[in-house]
Amino acid sequence: MLQLAVFVSGRGSNLRSIHMAIKERRLTAEIVAVVTNLDSAPARSFAEGEGIPCLSVEGKFPDEQARVMLDFLEAQSADFIALAGYVKLIPAEVVAAFPQRMVNIHPALLPAFGGKGMYGRRVHEAVLASGVQVSGATVHLVDEEYDRGPIVMQRSVIVHSDDTVDSLAERVLDVEHTIYPEALQLFAERRVEVIDNRIFIRN
Ligand code: GRF
């Protein structure tokens with residue numbers, strides 16, 4: 001069973017979908033910690049309402065952030081991190097402490113439409129401006145760069161010619177809510193292997 005820490009900055013719909021998947025026994029995990037960089041994140045209120053221990057690092061300097069995060073994660077016995085809309089770079093010390101034990105979800109098909117500054121509506125704006133006919137969601141391992149680690153799972157959606165940022169974002173978000181718990185379950189079942197920076201899923 002994964003002892004999950006979920007990092008959030010905003011609305012928290014992925015946190016909710018992970019929470020729901022656990023309740024419905026589609027995901028063998030427990031959310032033992034939520035970390036946020038924003039005191040006012042709705043995701044934080046949800047977590048607190050569910051009795052999940054929360055840490056906010058708002059206003060803390062980077063060095064201090066790493067230290068308090070690591071202390072908190074250890075105190076909660078977290079053994080895996082899921083970034084769910086966390087908009088800040090994770091301190092290198094935290095990445096190093098969770099080798100191949102930290103994933104992120106991104107609302108496009110990486111490696112396209114990712115990297116620094118590519119989050120939220122900007123991703124879907126860029127997708128629409130490019131004229132591609134498919135988009136989707138990507139779950140990937142996290143390293144020290146934004147949106148760069150090996151890809152664990154992707155699922156595509158069709159981009160319609162009359163799509164707006166909102167309609168595309170909604171279609172992608174539905175897919176996110178499905179694949180994030182599925183991808184996490186692969187780790188819970190210890191089926192993910194990383195060889196030469198590529199992911200192999202065992203049957
Ligand atoms: C999602 O679109 C996710 O892909 C991205 O940030 C958004 C978070 O949404 N990394 P929510 O807070 O989970 O609703």
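Just how large is the dipole of the range 1-113 about the Cα centre, in debye to the nearest 20, putting +1 at every Lys and Arg Cβ and -1 at every Asp and Glu Cβ?
In debye, rounded to 20, the range 1-113 gives about 460.
What do you get for the angle between helix 121-130 and the principal long axis of the chain? Use alpha-carbon atoms, 0 to 90 degrees, nearest ten.
The two axes meet at around 30 degrees.
Compare the Cα positions of Val134, Val8, Phe72 along the charge dipole of the chain (+1 at Cβ of Lys, Arg; -1 at Cβ of Asp, Glu; about the Cα centre) and return the one farthest towards the positive end.
Checked the options; the winner is Val134.
Could you give the accessible area per residue of the range 1-140, probe 1.4 Å, as a whole number in Å²?
Working: 6540 Å² over 140 residues.
For the range 1-140, the per-residue accessible area is 47 Å².
Note down the magnitude of the dipole of the range 2-201 about its Cα centre, charges +1 on Lys and Arg C-beta and -1 on Asp and Glu C-beta and zero elsewhere, to the nearest 20 debye.
Numbers: 19 positive and 27 negative charges, 57 e Å.
Its charge dipole is roughly 280 debye.
Could you give the length gained on full extension between Lys88 and Arg101, defined as 0.36 nm per residue of separation minus the Cα-Cα distance, in nm? Don't jump to the answer; show the numbers that get you there.
Numbers: separation 13, 0.36 × 13 = 4.68 nm, distance 1.80 nm.
Using 0.36 nm per residue and subtracting the Cα-Cα distance, I get 2.9 nm.
Ranked highest first by the average count of other Cβ atoms within 10 Å around their residues, in what order do 191-203, 28-40, 160-172 fall?
Working: 191-203: 11.0, 28-40: 19.3, 160-172: 14.7.
Those peptides, ordered most packed to least, come out 28-40, 160-172, 191-203.
Which residues' amide hydrogens lie under 5 Å from the amide hydrogen of Phe7, considering only partners 5 or more residues apart or on another chain, with H built in the peptide plane?
Val35, Ala82, Leu83, Ala84
Pick from Pro53, Pro62, Pro42 the residue whose mean-square fluctuation is largest in a GNM of the chain, springs joining Cα atoms under 10 Å.
Of Pro53, Pro62, Pro42, the most mobile in the Gaussian network model is Pro62.
Near the amide H of Ala29, under 5 Å away, which other amide H atoms are found, from residues 5 or more places off or on another chain, if H is placed in the peptide plane?
For Ala29, whose amide H was placed from the backbone, the distant partners under 5 Å are Leu2.
Please give the helix 13-23 orientation as an angle from the longest Cα principal axis of the chain, in degrees from 0 to 90, rounded to the nearest 10.
For helix 13-23, the angle is close to 60 degrees.
Using the Cα atoms of the chain to build a convex hull, what is its mean projected area in square nanometres? Can you show the working numbers first?
Details: hull surface 44.3 nm².
Averaged projected area of the chain's Cα convex hull equals 11.1 nm².
Taking amide H positions as placed in the peptide plane 1.01 Å from N, state which residues far from Met153 in sequence (5 or more) or on other chains have amide H under 5 Å from it.
Amide H to amide H, under 5 Å and 5 or more residues apart or across chains, Met153 pairs with Val139.
Which lysines, if any, have their Cα less than 30 Å from the Cα of Lys116, not counting same-chain residues under 8 positions apart?
Cα-Cα hits under 30 Å: Lys60, Lys88.
Return one number: the angle in degrees, 0 to 90 and rounded to the nearest 10, between the long axis of the Cα atoms of helix 62-75 and the longest principal axis of the Cα atoms of the chain.
70
May I ask you to derive the relative contact order of the chain, considering only C-alpha pairs under 8 Å and at least 6 residues apart, and to give it as an integer percent? Before the final figure, lay out each step's value.
Values: 384 pairs, mean separation 41.0, N = 203.
That works out to 20 percent.
With runs of 4+ DSSP H residues as the only contributors, calculate the mean residue ellipticity of the chain at 222 nm using -39,500 (n - 2.57) per run, divided by the residue total and rounded to the nearest 500.
Numbers: 6 runs with 73 residues, N = 203.
Value at 222 nm, helices only: -11000 deg cm²/dmol.
Below 8 Å, C-alpha to C-alpha, sequence gap of six or more: please give me the relative contact order for the range 91-159 in percent.
Numbers: 112 pairs, mean separation 24.7, N = 69.
That works out to 36 percent.
What residue among Gly85, Gly59, Gly136 has the largest mean-square fluctuation in a Gaussian network model of the chain, using Cα springs under 10 Å?
Its mean-square fluctuation being the largest, the pick is Gly59.
With a 1.4 Å probe and all protein chains kept in place, how much accessible area does Met1 have, in Å² rounded to the nearest 10?
Here the accessible area works out near 130 Å².
The values are calculated or read from the model by the stated rules, or taken from the named source; none is laboratory data. The structure displayed is predicted, hence computed values, not measured ones. As a convention, Cβ positions derive from the backbone with ideal geometry for all residues, glycine included, and neighbour counts pool all protein chains shown. For accessibility, only protein heavy atoms count, side chains too; no ligands or nucleic acids. Shrake-Rupley method; radii C 1.70, N 1.55, O 1.52, S 1.80 Å.
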